[in-house]
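Here is the structure we will look at.
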Amino acid sequence: MEQYLDTASAVTDALFGPESGIPWWAWLVVIVAVFWKVAVREPKNAREAAGERDSVMLGAMFGDDKKGKKKKK
């Protein structure tokens, strides 16, 4: 068990330590690449955009409030 911990410590020091051959900004690029899908929203496709636009337009035309306000009689 002690040997595994020493090996893991040596590998960690080689990758992230001050004598590492990999600069800090390269690790930042790796982190950004891994979390890119989470950080940046995908653009809507044409059908989704048109559907949302149509529902907003119909709501405005027929007074369909989606904010929960009561209609006046």
Scalar couplings 3J(HN,Hα) for the stretch 31-39 by Karplus 6.51 cos²θ - 1.76 cosθ + 1.60 (θ = phi - 60°), nearest whole Hz, x for Gly and Pro, are 5, 5, 5, 5, 9, 4, 5, 7, 6
On full extension of the chain, what length is gained from F16 through V32, given 0.36 nm per residue of separation minus the C-alpha to C-alpha distance? 4.1 nm
Computed from the mean reciprocal separation of all distinct C-alpha pairs, what Kirkwood hydrodynamic radius does the chain have, in Å? 18.0
Trypsin sites (Lys or Arg not before Pro) within the stretch 1-67: which are DSSP loop residues with at most 13 other Cβ atoms inside 10 Å? R41, K44, K66, K67
How much length is gained if the chain between E52 and Q3 is pulled fully straight, taking 0.36 nm per residue apart and subtracting their Cα-Cα distance, in nm to one decimal? 11.7 nm
Kindly provide the helix-only [θ] at 222 nm of the chain, computed as the sum of -39,500 (n - 2.57) over DSSP H runs of four or more divided by all residues, to the nearest 500 deg cm²/dmol? -20000 deg cm²/dmol
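Each value in this text was obtained by applying a stated rule to the coordinates, not by laboratory testing. It should be emphasised that the depicted structure is a prediction, and the values quoted were computed from it without experimental measurement. Neighbour counts are summed over all protein chains in view; Cβ atoms, including those assigned to glycine, are modelled from backbone coordinates with ideal geometry.
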